[in-house]
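Below is one structure, written out as structure tokens; comments come after it.
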Amino acid sequence: MAIDIRGSRGALGLYVLLATAVTTAILGVLAHYLNEPFVFPSVGPTIFILFFTPLGLQAAPRNVIGGQVIGIVCGYLALVVFGLTAGPADIFDLTAPRVGSAVLALSLTLALMVWLGLPHAPAGATTLIVALGLVHTLPHLAILLLAVILVVVCAFAINRLFGIPVPVWSPPHDEPRPLLSRGSR
């Protein structure tokens with residue numbers, strides 16, 4: 001069934017509402033029954049990108065998953081570097097090591113996404129969630145990644161069901177590259 005969601009803001013808004021509700025409900029049910037963090041703050045902007053701009057550069061599955069992997073790895077690396085893997089999270093009392101962890105994780109995540117050509121802005125939030133210790137155990141980090149993969153699969157299925165030709169993996173080649181000329185890499 002093809003739907004022209006570009007026709008009006010109302011139709012697009014309704015599509016985003018319904019697609020987001022279905023995707024978030026799936027994550028919520030899993031979180032509830034498995035008692036794991038399938039619903040976390042940066043998954044919201046990821047879902048928005050996947051349904052609001054499903055053909056955009058940041059919505060390509062490669063960029064969503066790759067960017068989020070970078071965010072998770074850099075966040076955990078920062079925890080290790082600053083000796084924070086076992087400490088409790090407290091975002092209201094940011095010690096020097098917590099600030100250092102956040103700076104390292106966010107800077108490295110954003111730079112790596114540019115260098116590797118895997119832009120996905122919500123990964124910046126994911127890396128802070130990890131670097132600040134809100135989610136910091138390896139099993140929970142694996143759940144974050146699994147949640148991202150599930151969101152990508154749900155978005156792919158829903159978008160294709162509604163006739164939106166989203167890419168299977170890589171973004172369209174004609175996507176403009178910010179601040180780079182066509183030949184730059």
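The values are calculated or read from the model by the stated rules, or taken from the named source; none is laboratory data. Small disclaimer: the values here were computed from a predicted structure and weren't measured. Backbone-built Cβ (ideal geometry, glycine too); neighbour counts: all protein chains shown. With ligands, DNA and RNA removed, areas are computed over all heavy atoms of the protein, side chains included. Shrake-Rupley method; radii C 1.70, N 1.55, O 1.52, S 1.80 Å.
For Ile164, state whether it is more than 16 Å from the chain's Cα centre (by Cα), hydrophobic (A, V, I, L, M, F, W, C) and under 26 Å from Leu50 (Cα atoms).
Against the criterion (more than 16 Å from the chain's Cα centre (by Cα), hydrophobic (A, V, I, L, M, F, W, C) and under 26 Å from Leu50 (Cα atoms)), Ile164 qualifies.
Give the stretch 89-104 a look and list any residue that's farther than 12 Å from Gly133 by Cβ and either open to solvent by less than 70 Å² (accessible area, probe 1.4 Å) or β-branched (Val, Ile, Thr) (or both), or say none.
Val99, Gly100, Val103, Leu104
Going through Leu94, Leu50, Leu55, Leu30 one at a time, which residue ends up being in contact (Cβ under 8 Å) with a residue 40 or more places away in the chain, hydrophobic (A, V, I, L, M, F, W, C) and in a loop (DSSP other than H, G, I, E, B)?
Leu55
Taking the stretch 97-145 as the search range and keeping residues that are β-branched (Val, Ile, Thr), within 20 Å of Leu84 (Cβ to Cβ) and not in a loop (DSSP other than H, G, I, E, B), which one is farthest from the chain's Cα centre (by Cα)?
The qualifying residue farthest from the chain's Cα centre (by Cα) is Val99.
If you check Arg9 against the conditions, is it among the charged types (D, E, K, R) and either over 24 Å from Pro119 (Cα atoms) or surrounded by 20 or more Cβ atoms within 10 Å (Cβ to Cβ) (or both)?
yes
I'd like to check something: does the stretch 69-76 contain any residue that is modelled with pLDDT of 95 or more, surrounded by 22 or more Cβ atoms within 10 Å (Cβ to Cβ) and in contact with a Cys (Cβ under 8 Å, 6 or more places away or on another chain)?
Among the residues of the stretch 69-76, not one is modelled with pLDDT of 95 or more, surrounded by 22 or more Cβ atoms within 10 Å (Cβ to Cβ) and in contact with a Cys (Cβ under 8 Å, 6 or more places away or on another chain), which makes the answer no.
Condition test on Ala21, is it modelled with pLDDT under 95 and either of a type outside the set (Ser, Thr, Tyr) or touching a Phe, Trp or Tyr at 6+ places or on another chain (Cβ under 7 Å) (or both)?
Spelling it out, it is not the case that Ala21 is modelled with pLDDT under 95 and either of a type outside the set (Ser, Thr, Tyr) or touching a Phe, Trp or Tyr at 6+ places or on another chain (Cβ under 7 Å) (or both).
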